[in-house]
């Protein structure tokens with residue numbers, strides 16, 4: 001059995017982490033795709049064990065949650081009824097420590113309530129104290145964070161993106177068609193602000209009047225996540 005020398009392994013991993021695909025890495029290093037895949041899997045599992053062991057009892061006070069899209073084998077819209085459950089869209093959930101820019105936790109799975117709850121529980125197991133958490137408007141976050149941290153043990157809010165030069169599209173509906181329109185400028189991203197979950201939930205509810213609740217799986221008798229009440 002042939003064993004890759006250490007320099008060749010380093011060259012393969014260096015190519016992969018710089019964004020090269022497996023086929024491109026095969027052309028660069030001259031190593032077969034199957035060998036590259038096995039090496040990448042072994043290194044990835046080792047990094048996951050190291051991260052799980054070291055990222056414990058952290059005094060992280062400002063966290064930001066986000067998800068990165070990818071897919072396995074086939075995109076979600078092209079799946080067949082007999083396709084494997086692992087195929088289709090896959091999301092990498094990331095918990096980022098804002099001051100240090102360190103990735104404290106990551107989890108790969110479907111973008112659903114179950115995966116989000118597992119992600120929230122993993123974050124809770126590593127964090128000490130009461131953190132401030134900001135995330136996007138994914139509807140599974142409030143309940144998952146509430147289950148993981150409990151009432152009064154987290155400050156959770158939704159990030160609202162702000163843009164410069166953004167114009168109100170509704171204003172054009174009432175404008176005089178004979179009057180020349182003002183020159184449009186490029187929209188520039190200028191930052192984000194943290195919005196309390198209660199305000200975000202009300203905005204989502206008012207813009208979707210056909211929905212009884214923003215969380216379809218939640219019955220009307222169950223209370224809203226307490227994370228919305230613990231925001232400060």
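What to note about this one:
- Selection count, the range 40-71, where residues are surrounded by 14 or more Cβ atoms within 10 Å (Cβ to Cβ) and assigned to a strand (DSSP E or B): 8
- The range 106-128: number of residues that are part of a strand (DSSP E or B) and within 11 Å of the chain's Cα centre (by Cα): 4
- Within the option set 85, 81, being within 24 Å of residue 144 (Cα to Cα) and modelled with pLDDT under 95 holds for one residue only, 85.
- Just one of the listed residues (17, 28) is farther than 29 Å from residue 133 by Cα, modelled with pLDDT under 95 and exposed (fewer than 15 other Cβ atoms within 10 Å of the Cβ), namely 28.
- Among the residues listed as 136, 146, the single one being surrounded by fewer than 20 Cβ atoms within 10 Å (Cβ to Cβ) and modelled with pLDDT of 85 or more: 136
The values are calculated or read from the model by the stated rules, or taken from the named source; none is laboratory data. Predicted model, so just to flag it, every value in this text is computed and none were measured. As a convention, Cβ positions derive from the backbone with ideal geometry for all residues, glycine included, and neighbour counts pool all protein chains shown.
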